[in-house]
Amino acid sequence: MVLAGVSESRGALGREALAYADGLYNLARYLTGNDADAEDLVQETYALALRAAGQFSTGTNLKAWLFRILRNAFISGYRRQRRNPTVGGLDTTDPHGQEAAPGGWPRDDMELDQMRNVVAEDIGKALMSLPEEARTVVLMDLEGFTEAEVAQVLDCAVGTVKSRLARARATLRQLLKDYAR
Amino acid sequence: MDCRESTSHLLDYQRGRLGPEREEELRAHLSGCPSCSRSESIERTLTDLLERRLPQHPAPIALKLRLAAQWPSPAVTKSSWWERWGRSWAPAGAVALLLFMAVPLYYQAVSSRRAGGAERMIAEAVNDHLRILQSGHPLEVESGNFHQVKPWFAGKLDFAPAVRFLGDPEFPLKGGSVGYFLDRKAAVFTYGYRLHVISLLVFRAESLPWPAGDTGGSGKARAYEKTARGFNVILWREGELGYALVSDVDPTELRRLAAKLGTA
């Protein structure tokens, strides 16, 4: 038996939580690489959040909490059983990172102009080619999360988020520069 | 500040996360260092590409309905049996049953709030129009030529804004910009009428609290009219897109423009 007050606050929490469905789905879509798995992942996220709603303390960051649940759900075995286990990777080592980190800066203004003309599809493709963690960091940054919030979601230090984001962006610059050619 | 340090702070600088002191130092370095200043504009270009062109995947409506049913809002949470259903959600049979019951309930709850929802849409349309009027640079693309304005939106929105009326001497098209309508992006077309400004907002119509009686079907769209805070607003939807026309011009004139744009 749930008391009316608790049920009401849970309802309010649910209503607020649903407002983040688009952002969560977008991340899920870029993590899983397809719509069916993204739907499953988001649904699982909300089911887990609903079960853990009692542990959520009002006033803390609901959006970050939901993103954390989604990412953990994705990592904890979700990918293993899915149709497309080869999308990106969970490795923290970045296949492009080593070469991209120091460079990636277009050499002249012409290259910069070319980069400006990269089409949407290629930008999506470039992001998908990054490892899972890099994709998450880039998307969360675009969602407006601070580095401290991303660090909470990824369970790592703020400095680590900073360097991963810088490395991911360097790789993207490199890839977009290549696509623009 | 040296180049190495400057490069590592570029993103924080862009996001406004550096303190005023560091920001000043970085700005001083950038103004004296062409190489770092170029890196800065490249960082901005990358952010711009990601923010404007990275394909976005909004959650499908069917999923949102399922989520709403899974986590009922207070309007549908009336008794404890519902809570119990909510918690025993996991088995697939329960999911189907829950959906079967929750979707009509959800619609019922939504339709009872429709009137209020439509008010919210009207208020948002007026706010958007006011934002456009108050903005120093209301038009991001300034041209009376529809064939320059429409392609300008490509890559800036997650839909193609279909607009039938290209402007005429009476209602000239002034230009366009990207705005927001509630939770989603909107294409804003600005028309003129004598000295008045008329805003046309075009946005994805799905999951908005449309006024009751709206079919959302194709063909001639039935419009919903309302006056709020001295502005006349006409709302309608056609297929997947929603339209809001806002201005202080006379309702008769606004209706004439709406008719040109395809309302019944």
Original post:
When you go through (1) open to solvent by less than 30 Å² (accessible area, probe 1.4 Å); (2) assigned to a loop (DSSP other than H, G, I, E, B) one by one for B:Glu206, which number turns out not to apply?
Top reply: (1)
Subject >> Condition check for B:Leu173: more than 18 Å from the chain's Cα centre (by Cα) and buried (at least 19 other Cβ atoms within 10 Å of the Cβ) >> reply: yes
**OP:** Tell me, please, whether a residue that is more than 14 Å from chain A (Cβ to nearest Cβ) and touching a residue at least 24 places away in the same chain (Cβ under 8 Å) can be found in the range B:32-46.
**Re:** no
Subject >> Residue that is nearest to the other protein chains (Cβ to nearest Cβ), among those in the range A:132-154 that are open to solvent by 30 Å² or more (accessible area, probe 1.4 Å) and free of Cβ contacts under 8 Å to residues at least 40 places away in the same chain >> reply: A:Leu142
Original post:
Under the condition of being more than 8 Å from every other protein chain (Cβ to nearest Cβ) and open to solvent by 10 Å² or more (accessible area, probe 1.4 Å), which residue from the range A:112-130 is nearest to A:Ala73 (Cα to Cα)?
Top reply: A:Met128
**OP:** Enumerate the pairs (first residue in the range B:164-181 and touching a residue at least 40 places away in the same chain (Cβ under 8 Å); second residue anywhere and open to solvent by less than 40 Å² (accessible area, probe 1.4 Å) and hydroxyl-bearing (Ser, Thr, Tyr)) with beta-carbon separation below 7 Å, excluding pairs fewer than 6 apart on the same chain, so at least 6 apart or on different chains.
**Re:** B:Phe171/B:Tyr191; B:Phe171/B:Tyr193
**OP:** Would you mind telling me which numbered condition in (1) in a helix (DSSP H, G or I); (2) closer than 19 Å to A:Thr45 by Cβ; (3) modelled with pLDDT of 65 or more A:Phe145 fails?
**Re:** (1)
Original post:
Counting just the residues of the range B:242-262 that are open to solvent by 60 Å² or more (accessible area, probe 1.4 Å) and in a helix (DSSP H, G or I), which one comes out farthest from B:Ala187 (Cα to Cα)?
Top reply: B:Thr252
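The values are calculated or read from the model by the stated rules, or taken from the named source; none is laboratory data. Keep in mind that what you see is a predicted model, and the values were worked out from it rather than measured. Neighbour counts are summed over all protein chains in view; Cβ atoms, including those assigned to glycine, are modelled from backbone coordinates with ideal geometry. Note: accessible area is taken over every heavy atom of the protein model, side chains too, but ligands, DNA and RNA are not part of it. Shrake-Rupley method; radii C 1.70, N 1.55, O 1.52, S 1.80 Å.
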